[in-house]
Amino acid sequence: MPNEEVSMDFVRRAVDSTRGLLKRYGPSHMKKVLWDREFTGDHWDFIDITVGDCVYPYLERYVKGGSILDLGCGPGNTATELADTAYRLYVGVDISEAALDKAMRRSQKDGRTAKNRFAQADFVDYVPTGKFNVILFRESLYHVPLGKVKSTLDRYAEYLTDDGVFVVRLKTLGSHDNRTKSRPKAMLDIVAREYDVLEQGEHGDLGSTIIVFRPRQEN
């Protein structure tokens, strides 16, 4: 029995690893199928309510009543849990139609359909139609291949307002061993090396790091 349990655990980890690779490197239609399947089921139910999340004070501090582009918005928590008076326009982008269905229902229920908009797209190649005070990656940057982090951020930097910023939330500590996770740390290192970091907060109780940054200013 112990050997059988070890074998099953190995299979589960292999499947999870394969799924993660497909979410990062697979074609958009395959990624959509995977995310739709998870959001249609109960895989992501645990994130349906995140009131008081540590990212919200940062968003309110930097959006200054302006606009937010939320890349990988999932079921639209940010669009309804952020203070209604904090922003003028919110655009959420996600590859999963199932997630966006939840997001739109939540915005409608909360009376925010006039200011909350959603687009179904893979944010790897999504093209915004305007400029934003804040561009948010709430855990979603984790699904960008390390080699494409800088090019992805550079492309989206063109859609920041003159005083606009990126806000990135990453789970940097493991849930079970509380050790620093290598991929999120590598992403933070890229940001620190290539951009002007305005603020960085460690939220150890959640194992998360939030970093606020903008393109380097020309001297």
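Any read-out appearing in this document is the output of simple, stated calculations on the displayed coordinates, not a laboratory observation. Note that the structure is a prediction, hence the values are computed from the model and not measured. Ideal geometry is used to build each Cβ from the backbone, glycine not excepted, and the neighbour counts take in all protein chains shown.
Once you keep just the Cα pairs under 8 angstrom separated by 6 or more residues, what percentage relative contact order results for region 49-214? Spell out each step's value before the answer.
Numbers: 297 pairs, mean separation 33.4, N = 166.
RCO, region 49-214: 20 percent.
What span do the alpha-carbon atoms of region 49-214 cover on each of the three principal axes, reported in whole Å from largest to smallest?
Dimensions of region 49-214 along the principal axes of its Cα atoms: 41, 35, 29 Å.
Roughly what would the spin-label model give for Thr50 and Arg117, points 7 Å off Cα along C-beta, in nm?
2.3
Are there GluC sites (Glu not before Pro) in region 146-205 that DSSP puts in a loop and that have at most 10 other Cβ atoms within 10 Å, and which ones?
Numbers: sites: Glu158, Glu194, Glu199, Glu202; in loops: Glu158.
Sparse-neighbourhood loop GluC sites (Glu not before Pro): Glu158.
At 0.692 mPa s and 37 °C, plugging the Kirkwood radius over alpha-carbon pairs of region 105-159 into Stokes-Einstein gives what diffusion coefficient in µm²/s? Numbers along the way, then the final one.
Working: Rh = 13.1 Å.
The calculation lands on 250 µm²/s.
Could you list which residues have their amide H under 5 Å from that of Cys73, counting only those 5 or more apart in sequence or on another chain, with H placed in the peptide plane?
Val93, Asp94
Measure of size requested: the Rg and Dmax of region 145-219, with Cα atoms as the atom set and Å as the unit; please supply both.
In order Rg, Dmax, the Cα atoms of region 145-219 give 13.2, 45 Å.
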